[in-house]
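Visitor: Got a structure for you, written out below as structure tokens; questions coming shortly.
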Amino acid sequence: VLLSAGIGITPMIAMLNGLLVNGNRTRHRHPIYFIHGARNRREHAFAAHLQTMAAGHRNLSVHVRYSDEAAPFDSDITNWQGSAGRIDIDLLRELLPFGDYDFYLCGPASFMQQMYDGLRGLNIADVRIRFEAFGPASVRRDTCAEKPAIETRPAATAQNSTTAVAVQFTRSGVTAQWDGSHANLLALAEANGIPAESSCRNGQCGACAVALTSGEVRYIRECDAHAGAGEVLMCSAVPAAGVESITLDL
Ligand code: FES
């Protein structure tokens, strides 16, 4: 669920683009809910782009809410809805069918705190709520009794691997040598001309996830995005120390 208000739509559009491209590539088209609040139609950035995306992707549901207009922004696109007012938890309850979601928030500080508190109030786990802040905006997290997200990652070793590691990109038919000179596996793929999906490049969006079919990696940062079982976030991973080779389904 991508949830934004005002100018907070900017990173959400980048994430949406990455998710849709990745879904087309992997054919795993997860349901995406894009919920955005703006004052009115004139101040709704990326409105035309969002409509195009909604019209072309049935796994995407868009809801736009305008606070300064009595009438909602409707469209004849079936997976596009509009309403008047401000985004609140009641709207989310109404829009989201019973299910298991990851939430990404971006907008003014008060909006994000309200959404975060409301989602936590619905027992959404802290690790399932990610946000991006502009400027000094920040959200006070309520992480009582929850383990740090890093503990859910694949087993990590203590040191970076700088010895040569053969990295096999099976779909591309390329085997590259990891020698520690690239920042991460995504950079290695790109340096070898392998097209790889990415968006945030810092572990926030999940667009760079690919299946790790052999070997072991370690993460160089704590990631908000969750890779699926057996997957690795290439933008934030390097070969684990001691492995001689790894294989990625890319
Ligand atoms: S590019 Fe966003 S998590 Fe890797």
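Every number here is computed from the coordinates shown, using simple stated rules; none is lab data. As the structure is a prediction and not an experimental result, all values here were calculated from the model. All Cβ positions, glycine included, derive from the backbone under ideal geometry; neighbour counts span all protein chains shown.
Visitor: Please list, in order, the residues from segment 200-218 whose amide nitrogen is less than 20 Å from a point placed 7 Å along the Cα→Cβ vector of residue 171.
Guide: 200-217
Visitor: For the chain, what relative contact order do you get, as a whole percent, if you take Cα pairs closer than 8 Å and at least 6 residues apart?
Guide: 16 percent
Visitor: Still on this structure, please answer the following. Enter the Cα centre distance for the pair segment 170-222 and segment 223-250, rounded to the nearest angstrom.
Guide: Each part's Cα centre sits 7 Å from the other's.
Visitor: Roughly what angle does helix 109-121 make with the longest principal axis of the chain, taking Cα atoms, 0 to 90 degrees, to the nearest 10?
Guide: 80 degrees
Visitor: Follow-up question, since we're still on this one. In degrees from 0 to 90, rounded to the nearest 10, what is the angle of the helix 47-56 Cα long axis to the longest principal axis of the chain?
Guide: With both axes taken from Cα atoms, the answer is about 70 degrees.
Visitor: What is the distance, in nm, between label points placed 7 Å from the Cα along the Cα-to-Cβ direction at residue 117 and at residue 30?
Guide: 2.8 nm
Visitor: Relative to the present Cα-Cα distance, how much length would full extension add between residue 41 and residue 17 at 0.36 nm per residue of separation?
Guide: 6.5 nm
Visitor: State the extension gain, in nm to one decimal, for the chain segment bounded by residue 125 and residue 100, taking 0.36 nm per residue of separation less the distance between their alpha-carbons.
Guide: 8.0 nm
Visitor: Can you give the calculated 222 nm mean residue ellipticity of the chain, where each DSSP H run of n ≥ 4 adds -39,500 (n - 2.57) and the sum is split over every residue, rounded to the nearest 500 deg cm²/dmol?
Guide: Helices in the chain give a 222 nm mean residue ellipticity of -6500 deg cm²/dmol.
Visitor: Can I ask one more? Show me the three semi-axes of the equivalent ellipsoid for segment 159-239, from the C-alpha gyration tensor (sqrt of 5 times each eigenvalue), largest first, rounded to whole Å.
Guide: 18, 14, 12
Visitor: With r as the distance between the Cβ atoms of residue 241 and residue 88 and R0 = 30 Å, compute the FRET efficiency 1/(1 + (r/R0)^6) and round to 0.05.
Guide: It comes out at approximately 0.05.
Visitor: Need one number: nm distance between label points at residue 10 and residue 163, each 7 Å from Cα along Cα→Cβ, rounded to one decimal.
Guide: Calculated label separation equals 4.6 nm.
Visitor: Given N residues in segment 1-56, what is Rg(Cα) / (2.2 N^0.38 Å)?
Guide: 1.14
Visitor: Still on this structure, please answer the following. Provide the packing ranking of 90-103, 7-20, 178-191, i.e. peptides ordered by the mean count of other C-beta atoms within 10 Å per residue, highest first.
Guide: 7-20, 178-191, 90-103
Visitor: Mind listing P(r) for the chain? All alpha-carbon pairs, 5 Å bins, whole percents.
Guide: Spelled out per bin, shortest first, that is 1, 6, 13, 16, 17, 14, 12, 9, 7, 3, 1, 0, 0.
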